[in-house]
Amino acid sequence: METRLRVNEMFHSLQGESTHAGRPCTFVRLTGCPLRCSYCDTAYAFHEGTWMTLAEVLQAVAAHPARLVEVTGGEPLAQPGAIPLLQALVDAGYEVLLETSGAVPIAGVPAGVRRIVDLKTPGSGEARRNDWSNVAHLRTGDEVKFVIASREDYDWARDVAREHRLLDRVPVLVSPVWDSGVGRELAEWILADGWQVRFQMQLHKWIWPEVERGV
């Protein structure tokens, strides 16, 4: 049976987060997500989308000049077709990123894909959904992200990172919830603790603050 995926949107922009921030990137946003995070900024991806064959997705990606491609969502791994898509992108010679919630197993993601695992903090309302087995499957090139809404979230993230020795294994990214007002405080907490993480804000929202989609 031919692989088909429900695609919410595809676009060419600058990568707004991760250690790849600032790089031109083609984004493939898949429809659907089993989580309902309190601060979600892509709720439109829960249900909207167009069914496409794997060949059609690859053709659309090839229409853009970027050699960096990110598969995101929603939660992209909620679709069975995500794994064949990731493998096909690697086989086509792209540098491939996967943005995933950490609530779905990542062990089956093809080699060569750099996985950005967004471990859910208490402020998301979905921390209970974290699949902690994913920590054991982190590999070189992967990254872990925490989105912070409060001091409670920060303390929780710091303790999780220490417990699992994440900084010995992968880059750790720490972001404030957009428009939460904790950005400056978060920076100061990190500095006060001497925590060797990467503070990040969503670059694309600074460049295009009035645009909600396609950036």
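For this structure, a couple of remarks:
- All strands (runs of 3 or more DSSP E) inside the stretch 7-73 with 3 or more residues being of a type in the set (Asp, Glu), in contact with a strand residue (DSSP E or B) (Cβ under 8 Å, 6 or more places away or on another chain) and modelled with pLDDT of 95 or more: none
- Test result for Gly141, under 21 Å from Arg23 (Cβ atoms), among the small types (Gly, Ala, Ser) and either surrounded by fewer than 16 Cβ atoms within 10 Å (Cβ to Cβ) or modelled with pLDDT of 95 or more (or both): yes
- Test: residue in the stretch 43-59 that is touching a residue at least 60 places away in the same chain (Cβ under 8 Å), buried (at least 16 other Cβ atoms within 10 Å of the Cβ) and within 18 Å of the chain's Cα centre (by Cα): yes
- Number of residues in the stretch 157-197 that are out of contact with any Ser or Thr (no Cβ under 7 Å at 6 or more places or on another chain), surrounded by 12 or more Cβ atoms within 10 Å (Cβ to Cβ) and closer than 20 Å to Val117 by Cβ equals 18.
- Qualifying residue in the stretch 67-87 (condition: within 25 Å of Val211 (Cβ to Cβ), surrounded by fewer than 18 Cβ atoms within 10 Å (Cβ to Cβ) and without any contact (Cβ under 8 Å) to a residue 40 or more places away in the chain): yes
- Only one of the numbered conditions (1) farther than 20 Å from Val69 by Cα; (2) buried (at least 22 other Cβ atoms within 10 Å of the Cβ); (3) under 18 Å from the mean Cα position of the chain (by Cα) is not met by Val104, and that is (2).
The values are calculated or read from the model by the stated rules, or taken from the named source; none is laboratory data. The shown structure was predicted, so the numbers you read here are calculated from the model rather than taken from an experiment. Neighbour counts are summed over all protein chains in view; Cβ atoms, including those assigned to glycine, are modelled from backbone coordinates with ideal geometry.
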